Amino acid sequence: MPESRVPLLDADVARAAAGEIGLPAQLAELNVFRSLLRVPKTAKAISDLLLSMLFGGPLDDRLRELVIMRIGWATGSVYEWTQHWPIAQQRHCTPDELLALRQPTIAESFGMAEGAVLRATDETLATGAISAETLATCRDQLGDDATTELAVAIGCWRLISQFARSLEIPLEDGVEPWPPDGAPGGF
């Protein structure tokens, strides 16, 4: 991958900046945060938002990871797809399910809840909003709290995708792109 369009902070500088704002040290190790930490208040706000959904939010972890992986693939975000490939598997997504996300139309091959969140993701990517019909299905399948977080999660990881692609954030050293087969994303 090419170098970032805006140079990453040196790892020591990123760790120090993270410490000053109370950002978890392990996040400062990630290249996306080595870039975000150029604007510490923004890095902290994004960190708080991401962590609130990654740990203990109302949206099921598996469903959230399907959304993130779908966004990563559909938008061609090598950073997002690659970072979340192992996380998604830890959250009970199988490699076959993740690879199925690479198909332009896949929602119907999953169960009701998975299909609903994937339709919501695709609609948001295509039009900027979830349709009334899909939102009603999400509410029926997930409840109001998880549906609300779903809408936020789609927007949040879409933001991360756009940020990583715009600045061409490189993968961490030694990480191979586009697991498992290196095939690039995007529809």
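Any read-out appearing in this document is the output of simple, stated calculations on the displayed coordinates, not a laboratory observation. All values reported here derive from a predicted model rather than from experimental measurement. Heads up, the Cβs are rebuilt from the backbone with ideal geometry, glycines too, and the neighbour counts pull from every protein chain shown.
Key figures for this structure:
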read-out: Top of LEU142, LEU66, LEU49 by mean-square fluctuation, Gaussian network on the chain, Cα under 10 Å; value: LEU49
read-out: Theoretical FRET efficiency, 1/(1+(r/R0)^6), r = Cβ-Cβ of GLN103 and THR148, R0 22 Å, to 0.05; value: 0.20
read-out: Local electrostatic count at ARG139 - Lys and Arg +1, Asp and Glu -1, tallied over other residues with Cβ under 14 Å; value: -4
read-out: FRET E, pair SER52, GLU172, Förster distance 25 Å, beta-carbon r, rounded to 0.05; value: 0.60
read-out: From the coordinates shown, Cα extents along the principal axes in Å corresponds to which of (1) 61, 35, 27; (2) 57, 26, 25; (3) 47, 34, 29; value: (3)
read-out: Expected-Rg normalisation [2.2 N^0.38 Å, Cα atoms] applied to segment 11-54; value: 0.97
read-out: Relative pair counts by distance (%), Cα atoms of segment 61-167, 10 Å bins; value: 16, 53, 29, 2
read-out: Most mobile of VAL13, VAL78, VAL67 in a GNM of the chain (Cα contacts under 10 Å); value: VAL13
read-out: Directionally averaged projected area (convex hull, Cα atoms, segment 113-187), nm²; value: 6.2 nm²
read-out: Max mean-square fluctuation residue, GNM over the chain, Cα-Cα springs under 10 Å, options ARG139, ARG70, ARG102; value: ARG139
read-out: Charge sum, other residues only, whose C-beta stays under 14 Å from LYS44's C-beta, Lys/Arg counted +1 and Asp/Glu -1; value: 0
read-out: Simple spin-label estimate for GLU29 and ASP140 in nanometres, 7 Å along Cα-Cβ; value: 4.5 nm
